[in-house]
Structures are given as structure tokens and as C-alpha cells.
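Asker: Before we start, here is the structure in question, set down as C-alpha cells.
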Amino acid sequence: MDSLQSDTLVDTALSSRTTENAPLEPYLVILSGKHIGKQFKLSRQKNVFGRGHDADIVIADPKISRRHGAFIVKAGVVIMVEDYGSTNGTYIDERRIDKEKISLLSRIRAGGTYMRIDYKKPSEAQSEQALYQAANTDVLTQIPNRRAFVIRGQEELSFCKRNRTALTVIMCDVDHFKKINDTFGHPAGDQVLKDLAEMLSKEMRTEDTLARYGGEEFIMLLRGNSESQALILAERIREKVAHKAFEYQHLKIPATLSIGICSRQSAYIDSLESMIRAADRALYQAKKTAAIRSRSNEIEKNYPRKSISFWPSRVQYKNRKK
Ligand SMILES: Nc1nc2c(ncn2[C@@H]2O[C@H](COP(=O)(O)OP(=O)(O)OP(=O)(O)O)[C@@H](O)[C@H]2O)c(=O)[nH]1
């Protein structure tokens, strides 16, 4: 498409959509990756995007540079995207660019993240954002829900296959959660789940995903983690939770986790579902047995039992290479 055509497209879109009184404003819409569906208002003349926290638009994609590039806005219209000499480049319709005009039809890619530009009224953008939030976020803990996890997981799986990296699923379940509810009350149980979500989020890297998978079950997806690294992370989490004093209205609530792990090299992954099933089976085993176990190449090793605060907690580590 030449630049004249692209200008005409933006003009047409703007004029046809400004019939209602509020002016249309430019937004960057994320089409893939961790922030899929998210919209960022382009409110500056130069809107720097990147993975660094000093960027105007922070995108958690490890293949995006800290200050990757910028969207340039003039008179309310996004006219250009510029690459700031990023390692992995910026692309328009899969063509690498330095600085180039963009249109409503342009599909922009930086790292593994696809984006496009749209123009909308702030109220329209807000309601779309609210819908996106509601569909993808767990109301209680404010972390991604199961649906968001599955969407993200499929993308992660494609990434791992393309880049031949390993993928790990970790499932954590609060032990005897029913007892927590029965002893301290349902709101106290809610508080434990919220605090847990916050704790687990802090253990994640930007490229990892944490979600609430069910009632008292959390799931993590770790890119490129070796089995032994995953086991170290699981142990750290289990220890931290066992030693944390969860609190609700001055009541101290002890809680422990059981953890199931499935770690596979990309060549051995058939589907995300099979990995989740394997991690779930490992979790089930962890619940049944009191030992901290590692299972690698079908040889089981027993690890010494670690300190337990109140209720027993176990880690079952399962490696299912075919
Ligand atoms: N407070 C609270 N409780 C929940 C929530 N979702 C599920 N639950 C409760 O979680 C409890 C889960 O109970 P079970 O499936 O028996 O599991 P458990 O008591 O943790 O037992 P084990 O998994 O064998 O250790 C049920 O009592 C649910 O009502 C929630 O959002 N908030």
C-alpha cells in the first residue's frame, strides 16, 4: 500500500467515526502475547514502547528491547512507527523497518508481539478494556484466569517449538483449604488466596505466566526452565508459603502448598493439555504421599522432608519424557 492510500484510509476512518460528538483518540491494540486485547492510549507525540519500566508503553515480551521504538502521533493521528535500533527489530506486515508510515491496516510486530493502531472514543476503549479484563482476569485475585492461561499457554507452546526451548507447568494447590474456610471463615480463605496470588506473582519472571486455575489451585507456565530449575523454584515457593503468616482480621492463618510439576523439552510436548494433565497427576501424587519426591527418567529419589508449619506439604516432581 502506498502512503497516499494509507493517509486516505486513516482520514476515512476518522471522519466516519467522528460523527458522534466525542473526538476519536489513537490507541495501540495488542493482538498477541501476555497483554493480548490490551489497549494503550497514545497520548504523547512520541510514545516509546519497550520492555523497560521507563517506556511509555511497557510490554512484557523478552524479545522486545527495553526501549524498543516509538509511535509518533501528529494532530491526533498515528503517522509513524520508529525502531530505536532494537536487537530483534520492528516489522510492518513482516517487513523490517527503521521508521515508516503506518495505517489502520498495518500489522506491527516487535519481538513476538503483534499490534495494530485503532481510533476510538475514550468511553469505547474503556468498555472494551473492561470486557477484556472481565473475560481474562480472576475477580478475587486479579491474576489471569484459566481461560487467559490456556490462550497464553498455546502461544507459549508455539514459541517453545519455534525456539526449541523447554516448557514447564507447575500446579500448586492449597492443602486442606476446606479446613481453612471452616476454621477461619470464607472471607479469611479469600484473603489467603489473594495473598498467595500476590506472593506467587513476585516469584515469576516477566515471560512466565501465573493464573488461578480453580478454587484453591494456581498454575504457572515457565518458559525454558530445566527440570532442576523448576524444582528449585517449587521448593522456594513451598518454603515461603509454609513460613508465611497469612492474616485476616488479626487471625494468623497457616497454609501449605502441594505442588505438581511437568517439565518437557519442546520436542516431547504434544499439547498443552497433556502437560497440564501430567502436572495435575503429579499434584495428585504429591497430595497422596508425604515425601518430597523427584521422578526423573522413571527413577524416583526421595528428598529429605522439609520443615512443615502446620499441615503437611509436599512437592511431587514428575518428569515425563517419552
Ligand atoms: N474462601 C474461598 N474458598 C473457596 C474458593 N473457591 C473454592 N473454595 C473452597 O475450597 C475448598 C476446596 O476443598 P477440597 O477440594 O476438598 O480441597 P482441600 O480441602 O484443599 O483438600 P486437599 O486438596 O485434599 O488438601 C472448598 O471448600 C471450596 O468451597 C474461593 O474463592 N474462596
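Asker: Please state which one of D175, D182 is more than 28 Å from R277 (Cβ to Cβ), charged (D, E, K, R) and not assigned by the TED database to the domain that holds D61. First the steps, then the outcome.
Answerer: On the way: D175 fails: more than 28 Å from R277 (Cβ to Cβ).
Result: D182 is the single residue among D175, D182 that is more than 28 Å from R277 (Cβ to Cβ), charged (D, E, K, R) and not assigned by the TED database to the domain that holds D61.
Asker: Right, A110: away from the ligand (no atom under 16 Å from the Cβ), small (G, A, S) and buried (at least 16 other Cβ atoms within 10 Å of the Cβ) or not? Show your work before the answer.
Answerer: Values: away from the ligand (no atom under 16 Å from the Cβ): yes; small (G, A, S): yes; buried (at least 16 other Cβ atoms within 10 Å of the Cβ): yes.
In short, yes.
Asker: Provide a single number: the residues in region 204-241 that are farther than 18 Å from A278 by Cβ and either buried (at least 20 other Cβ atoms within 10 Å of the Cβ) or not assigned by the TED database to the domain that holds T141 (or both).
Answerer: 7
Asker: Would a scan of region 162-179 turn up a residue that is under 18 Å from the mean Cα position of the chain (by Cα) and polar (S, T, N, Q)?
Answerer: First pass over region 162-179, keeping only residues under 18 Å from the mean Cα position of the chain (by Cα): 165-172.
This time we only want the ones that are polar (S, T, N, Q), so: 165, 168.
Within region 162-179, one or more residues are under 18 Å from the mean Cα position of the chain (by Cα) and polar (S, T, N, Q).
Asker: Looking at F184, F159, F149, which one is closer than 27 Å to K252 by Cα and surrounded by 13 or more Cβ atoms within 10 Å (Cβ to Cβ)?
Answerer: Numbers: F159 fails: closer than 27 Å to K252 by Cα; F149 fails: closer than 27 Å to K252 by Cα.
On inspection, the qualifying residue turns out to be F184.
Asker: Can I ask one more? Quick one: which residue in L196, L257, L251 is aliphatic (A, V, I, L, M), exposed (fewer than 15 other Cβ atoms within 10 Å of the Cβ) and within 14 Å of the ligand (Cβ to nearest atom)? Give the derivation first.
Answerer: Values: L196 fails: exposed (fewer than 15 other Cβ atoms within 10 Å of the Cβ); L257 fails: exposed (fewer than 15 other Cβ atoms within 10 Å of the Cβ).
Within the list L196, L257, L251, the selection yields L251.
Asker: Would you point out the residue of region 134-146, among those that are exposed (fewer than 13 other Cβ atoms within 10 Å of the Cβ) and away from the ligand (no atom under 13 Å from the Cβ), that is nearest to A282 (Cα to Cα)?
Answerer: A135
Asker: Given the residues E216, E247, E198, which is the only one that is under 15 Å from the mean Cα position of the chain (by Cα) and not polar (S, T, N, Q)? Steps first, answer last, please.
Answerer: Details: E216 fails: under 15 Å from the mean Cα position of the chain (by Cα); E247 fails: under 15 Å from the mean Cα position of the chain (by Cα).
Just a single option satisfies the conditions, and that option is E198.
Asker: Then there's this: Among the residues of region 74-92, are any out of contact with any Ser or Thr (no Cβ under 9 Å at 6 or more places or on another chain), free of Cβ contacts under 8 Å to residues at least 60 places away in the same chain and under 30 Å from G215 (Cα atoms)?
Answerer: Checking region 74-92: not a single residue is out of contact with any Ser or Thr (no Cβ under 9 Å at 6 or more places or on another chain), free of Cβ contacts under 8 Å to residues at least 60 places away in the same chain and under 30 Å from G215 (Cα atoms).
Asker: Could you list, in sequence order, the residues of region 160-193 that are away from the ligand (no atom under 12 Å from the Cβ), touching a strand residue (DSSP E or B) at 6+ places or on another chain (Cβ under 8 Å) and not aliphatic (A, V, I, L, M)? I'd like the intermediate steps shown before the answer.
Answerer: The initial filter retains those residues of region 160-193 that are away from the ligand (no atom under 12 Å from the Cβ), namely 160-170.
Now narrow it down to the ones that are touching a strand residue (DSSP E or B) at 6+ places or on another chain (Cβ under 8 Å): 160, 165-170.
Within region 160-193, C160, T165, T168 qualify.
Asker: Go through region 52-105 residue by residue and tally those that are of a type outside the set (A, V, I, L, M, F, W, C), in a loop (DSSP other than H, G, I, E, B) and under 27 Å from the mean Cα position of the chain (by Cα). If you could, list the steps in order and put the result at the bottom.
Answerer: Of region 52-105, the ones of a type outside the set (A, V, I, L, M, F, W, C) are 52-54, 56, 61-63, 65-69, 74, 76, 82-91, 93-96, 98-101, 103.
If we keep only those that are in a loop (DSSP other than H, G, I, E, B) too, we end up with 52-54, 56, 61-63, 65-68, 76, 84-89, 93-94, 98, 103.
Next, from what is left, pick out any that are under 27 Å from the mean Cα position of the chain (by Cα): 52-54, 56, 61-63, 65-68, 84-89, 93-94.
Of the residues in region 52-105, 19 are of a type outside the set (A, V, I, L, M, F, W, C), in a loop (DSSP other than H, G, I, E, B) and under 27 Å from the mean Cα position of the chain (by Cα).
Asker: Got a number for residues in region 95-124 being without any contact (Cβ under 8 Å) to a residue 24 or more places away in the chain, touching a strand residue (DSSP E or B) at 6+ places or on another chain (Cβ under 7 Å) and acidic (D, E)?
Answerer: 2
Asker: Identify, from the list A211, A234, the residue that is under 17 Å from the mean Cα position of the chain (by Cα) and in contact (Cβ under 8 Å) with a residue 12 or more places away in the chain. Lay out the reasoning, then the answer.
Answerer: On the way: A234 fails: under 17 Å from the mean Cα position of the chain (by Cα).
Just a single option satisfies the conditions, and that option is A211.
Asker: For R109, all conditions in the list (1) within 17 Å of the chain's Cα centre (by Cα); (2) under 16 Å from K34 (Cβ atoms) hold save one; what is the number of the exception?
Answerer: (1)
Asker: Let me ask something else about it. Can we say L4 is modelled with pLDDT under 95 and surrounded by 15 or more Cβ atoms within 10 Å (Cβ to Cβ)?
Answerer: Details: modelled with pLDDT under 95: yes; surrounded by 15 or more Cβ atoms within 10 Å (Cβ to Cβ): no.
Against the criterion (modelled with pLDDT under 95 and surrounded by 15 or more Cβ atoms within 10 Å (Cβ to Cβ)), L4 does not qualify.
Asker: Which condition number in (1) at pLDDT 90 or above; (2) more than 30 Å from S65 (Cβ to Cβ) is the one that E227 fails?
Answerer: (1)
Asker: Still on this structure, I have one more. Among the listed residues G33, G37, G50, identify the single one that is buried (at least 19 other Cβ atoms within 10 Å of the Cβ) and in contact (Cβ under 8 Å) with a residue 40 or more places away in the chain. Walk me through it before giving the result.
Answerer: Details: G37 fails: buried (at least 19 other Cβ atoms within 10 Å of the Cβ); G50 fails: in contact (Cβ under 8 Å) with a residue 40 or more places away in the chain.
Answer to the selection: G33.
Asker: Take the conditions more than 15 Å from the ligand (Cβ to nearest atom), in contact (Cβ under 8 Å) with a residue 24 or more places away in the chain, of a type in the set (D, E) and within 23 Å of Q39 (Cβ to Cβ) and apply them to E128. Does it pass?
Answerer: On the way: more than 15 Å from the ligand (Cβ to nearest atom): yes; in contact (Cβ under 8 Å) with a residue 24 or more places away in the chain: yes; of a type in the set (D, E): yes; within 23 Å of Q39 (Cβ to Cβ): yes.
Here the answer is yes, as E128 does meet what is asked.
Asker: Any residue at all in region 117-133 that is crowded, with 16+ Cβ neighbours inside 10 Å and under 30 Å from R277 (Cβ atoms)?
Answerer: yes
The values are calculated or read from the model by the stated rules, or taken from the named source; none is laboratory data. Just so it is clear, the model here is predicted, and its values are computed rather than measured. Glycine also receives a Cβ, built like all others from the backbone with ideal geometry; neighbour counts cover every protein chain displayed.
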